[in-house]
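Colleague: After the structure tokens below, expect a handful of questions from me.
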Amino acid sequence: AEALKTNTSLTELNLSRSLSHNPLTTFSAPRAPPTLCKLGIADCKLLRLPPFLADVSTDFQLDCKDNPLVFPPKSVCDLGIEAIRSFMRQTRQSQLQLPPPPPRRWRRWQDHPESS
């Protein structure tokens, strides 16, 4: 992820386990260089895809097979980059529109911290 922050001419990044023997468990770079057009993260231990995938182009190439993904769900990932982009954008948008949590209400007087 650090390489993504500093390298502005990177076009391909392959972090697949078959090449590195060091499986990724997290990959949370918020942004990728605008030149990045291919990402290989196959056969790792990733549960979540990086958030920048919401903003990649439709011709972006992603290999994320053989990961225990939960976000986006594997069913979305199987549909390709356009479905992943759409899912990530919808999720980001819905998180921006979440109302603040309601104030905590005490169910019983004994539950209030000052009642001890």
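The numbers here are math on the coordinates, done by the rules we state, and not lab data. Just so you know, these numbers come straight off a predicted model, no measurement behind them. Cβ: placed from backbone, ideal geometry, glycine included. Neighbour counts: every protein chain shown.
Colleague: Please compute the net charge surrounding Asn14, taking Lys and Arg as +1 and Asp and Glu as -1 over other residues with Cβ under 12 Å from its Cβ.
Modeller: Counting the neighbours of Asn14, the net charge comes to -1.
Colleague: Once you put a point 7 Å from the Cα of Asp55 and another 7 Å from the Cα of Glu12, both along the Cβ direction, what distance in nm separates them?
Modeller: 2.5 nm
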